[in-house]
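> One structure follows; several queries about it will come next.
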Amino acid sequence: MEETGVERVSGGCPPEITLESLAPEPLLGREYQDRPEDVHERLRRRHGAVAPVDLLGVPVWLVLNYAEALHILQNDAMWPKGMQYWRARNEGRVPADWPVAPALEADNTMARGGADHARYRAAWDAALKPFQDPGHPRTRRLKDNIRRTANELVMLLAQEGRSGVADLAARFSRPLPLMVAGELLGVSGPQSERTLMDIWRILDAGPDSAVASARVHTAMVALAEEKRRRPGEDFPSYMLAAQPRLTSSALAHELTMLMGMISDHAGILIANAVVEIITGDGRARASLSAGMIRETVNHVVLRKPPLANFMPRFPLRDQRLGAYLIRAGEPVWIATAATHADLRSAAGTSADRATSTRAHLSWGAGPRQCPAPARELANTITTLALECLFEHFATLELAVPADQLPWRSSPFVRGLRSLPIRYELRADYEIPSPDRAADDERAASEERAAPASTLRRLLAGTVTGTIDPYSF
């Protein structure tokens, strides 16, 4: 074991040890991109429950153990969110062009600290309720449209042959939640495609993340103003009804969060679920075979959580965590997958069981846990997507070795750039002729409340190859 010069026992961290003095190793790199679990374990062996790491040139703390992560999440008053608490940033020691900053500076419910959180959370609950209430027509319409779009995607793939090789991310797991996001937002403008691509740039901390963030905000402000003038049966209109005093800028931040959560997070969850079912330890496949699809999703968020690292917390005063004394105002990130790998969180999840622990932290914990309506929406999209896939395909397997899957390099999410799969349709799947498929699509369009949007044109472009979803 590599020595650090610090005795890892309670109270064992010398007072002169600071985050900056530890020369932390870079977190993001090829090894972390391909095998983050190896990086987490090396850090855990060297440092224990919490480790200093370099995040694109800025030193931060990374929490690796479950108990310490849960302690932070359940003590929001002592470990708040909010960039205003970051001492190094307030002292000018964080580069102004740090590519992670645009995501952290977003003034939305996920990143925001302070007293306003409860007010915004209540508005979120009210705005999502029409899409979650079993008795509300919008809930039934949304689920019907998710199923219809999923079936359309399978049909488009089937028209190329009963078997073959395809990128399931570009052909299914990304466009499906993209359609859902478009329906929730009620979007119909020409900037929709660029907005989604810019959100990916921000979450992946690309070199142009600041410019992308400005473009997204401008587009979402325009959408907010449109919904204020002409409200509809959509999330922004419902949120304005719940909080009429929201400014267009404030609502734009929340709409950006929703689009990222639905279009990116849910898309990652679908793709990660397919990978876990195909390559995992058998528990996800066992629960799927037993018809327990929601339990399948539970396995996936335990083993391959889409949100790799939570937004940072900042202790209000010096706090001992693991081997180290965390100074007031130092950034503390929670590595979700690392905490799940901690043996204490894996207790009782033997490989021969089809049920798993629900103590995972994928949705957070404590007072800032992801709101139940948002969790339910993500679960609904994913379960309906998996139902469709495994209903229509007799075979789904990776077309490349698992260790060659192209993972994104991101400080926030753990998702694939592409998912090459080899597929074969079930023998009883009837492939519609192109003419019949066109007729069915026209009939379905007439049933929908809104006309086909720019997002549906993006779907057609990604499927036919006229739009490259990775060209950004």
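> Hey, can you tell me all the residues within the stretch 283-301 that are closer than 20 Å to L419 by Cβ, in contact (Cβ under 8 Å) with a residue 12 or more places away in the chain and not hydroxyl-bearing (S, T, Y)?
Listed by number, the residues that qualify are A284, L288, I293, V297, H299, V300, V301.
> Now, a different point. Out of curiosity, is A219 open to solvent by 10 Å² or more (accessible area, probe 1.4 Å), out of contact with any Leu (no Cβ under 6 Å at 6 or more places or on another chain) and small (G, A, S)?
yes
> Quickly run through the stretch 251-286 and pick out the residues that are among the small types (G, A, S) and either surrounded by fewer than 23 Cβ atoms within 10 Å (Cβ to Cβ) or at positive phi (or both).
Listed by number, the residues that qualify are G280, G282, A286.
> Out of (1) in a helix (DSSP H, G or I); (2) of a type outside the set (F, W, Y); (3) modelled with pLDDT of 85 or more, what's the single condition that is false for L316?
(1)
> Oh, and also: Please work out which one of (1) open to solvent by less than 30 Å² (accessible area, probe 1.4 Å); (2) at pLDDT below 85 is the condition D208 fails and give its number.
Here D208 clears every test but (1).
> Still on this structure, I have one more. Out of all the residues in the stretch 298-310, is one or more under 28 Å from G82 (Cβ atoms) and either of a type in the set (F, W, Y) or over 23 Å from the mean Cα position of the chain (by Cα) (or both)?
There is at least one residue in the stretch 298-310 that is under 28 Å from G82 (Cβ atoms) and either of a type in the set (F, W, Y) or over 23 Å from the mean Cα position of the chain (by Cα) (or both).
> Can you pull out every residue in the stretch 23-41 that is surrounded by 14 or more Cβ atoms within 10 Å (Cβ to Cβ), more than 19 Å from P95 (Cβ to Cβ) and out of contact with any helix residue (DSSP H, G or I) (no Cβ under 9 Å at 6 or more places or on another chain)?
Across the stretch 23-41, the qualifying residue is only Q33.
> Now, a different point. Mind listing whichever residues of the stretch 179-192 are open to solvent by less than 40 Å² (accessible area, probe 1.4 Å) and modelled with pLDDT under 75?
If the condition is that a residue be open to solvent by less than 40 Å² (accessible area, probe 1.4 Å) and modelled with pLDDT under 75, then G189, S192 are the ones that fit.
> If I ask for residues that are open to solvent by 60 Å² or more (accessible area, probe 1.4 Å) and modelled with pLDDT under 90, which ones from the stretch 88-112 would you list?
Answer for the stretch 88-112, where residues must be open to solvent by 60 Å² or more (accessible area, probe 1.4 Å) and modelled with pLDDT under 90: E105, D107, M110.
> Where residues in the stretch 376-414 are β-branched (V, I, T) and closer than 14 Å to V275 by Cβ, which of them is least open to solvent (accessible area, probe 1.4 Å)?
Among them, the one singled out is T382.
> Output the helices (runs of 4 or more DSSP H) that fall wholly within the stretch 98-185 and possess 2 or more residues being free of Cβ contacts under 8 Å to residues at least 24 places away in the same chain, or say none.
137-158
> Also, quick follow-up: Just give me the residues in the stretch 126-177 being of a type in the set (D, E) and open to solvent by 60 Å² or more (accessible area, probe 1.4 Å), in sequence order.
Scanning the stretch 126-177 gives D144, E160.
> Tell me, please, whether a residue that is β-branched (V, I, T) and either under 23 Å from the mean Cα position of the chain (by Cα) or at pLDDT 95 or above (or both) can be found in the stretch 9-32.
no
> Taking R417 as the residue in question, decide whether it is open to solvent by 40 Å² or more (accessible area, probe 1.4 Å), in contact (Cβ under 8 Å) with a residue 40 or more places away in the chain and not hydroxyl-bearing (S, T, Y).
For R417, the condition - open to solvent by 40 Å² or more (accessible area, probe 1.4 Å), in contact (Cβ under 8 Å) with a residue 40 or more places away in the chain and not hydroxyl-bearing (S, T, Y) - is met.
> So, P432, is that one open to solvent by less than 40 Å² (accessible area, probe 1.4 Å) and modelled with pLDDT under 90 or not?
Spelling it out, P432 is indeed open to solvent by less than 40 Å² (accessible area, probe 1.4 Å) and modelled with pLDDT under 90.
> Within the stretch 36-94, can you find the residues that are among the acidic types (D, E) and either touching a Phe, Trp or Tyr at 6+ places or on another chain (Cβ under 7 Å) or part of a loop (DSSP other than H, G, I, E, B) (or both)?
D76, E91
The values are calculated or read from the model by the stated rules, or taken from the named source; none is laboratory data. Treat the numbers as computed from the prediction; the structure is a model and nothing was measured. Positions of Cβ are backbone-derived with ideal geometry, glycine not excepted, and every protein chain shown enters the neighbour counts. Protein only, heavy atoms only, side chains kept; ligands, DNA and RNA dropped before computing areas. Shrake-Rupley method; radii C 1.70, N 1.55, O 1.52, S 1.80 Å.
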